[in-house]
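Laboratory data are not the source of any read-out in this text; all were calculated from the coordinates shown. Here the structure is a predicted model, which is why all the values come from computation and not from measurement. All Cβ positions, even for glycine, are placed from backbone atoms using ideal geometry, and neighbour counts span all protein chains on display.
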Amino acid sequence: MVIKILGKVSLKSDYLFTVIQTAICELQFDIEVIRIEDDQVIHSFNTKQTPALIIDDKLIFEGFVPGITEIKKIIKKLNLNKP
């Protein structure tokens, strides 16, 4: 699993990065997290707002930062569906 956080450096993007890292640590998963700030790459995901969360090249949400409980649910659900 690869998690991408799309968005320029901002309070929201920084907070999303922190929430993602905390969730991964608490779940004890080994997941790569990549921050993407390049406008062309961000637009290639057809996002309208940032920050955006991409997991395995699928847009999960954009324009807001859910709480850590919701993030953990998303990561667990998607990680457990891996073969």
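Brief remarks on what is shown
- Scanning region 1-17 for residues being part of a loop (DSSP other than H, G, I, E, B) and closer than 14 Å to LYS72 by Cβ gives a total of 1.
- Of residues in region 27-43 being over 10 Å from the mean Cα position of the chain (by Cα) and surrounded by 12 or more Cβ atoms within 10 Å (Cβ to Cβ), the one nearest to LYS58 (Cα to Cα): ILE42
- Within region 56-67, being more than 11 Å from LEU6 (Cα to Cα) and surrounded by 14 or more Cβ atoms within 10 Å (Cβ to Cβ) holds for ILE60, VAL65, PRO66.
- Positions within region 1-26 being β-branched (Val, Ile, Thr) and either exposed (fewer than 15 other Cβ atoms within 10 Å of the Cβ) or out of contact with any strand residue (DSSP E or B) (no Cβ under 8 Å at 6 or more places or on another chain) (or both), in sequence order: VAL2, VAL9, THR18, VAL19, THR22
- For region 37-59, a tally of residues being under 13 Å from ILE20 (Cβ atoms) and out of contact with any helix residue (DSSP H, G or I) (no Cβ under 6 Å at 6 or more places or on another chain) returns 3.
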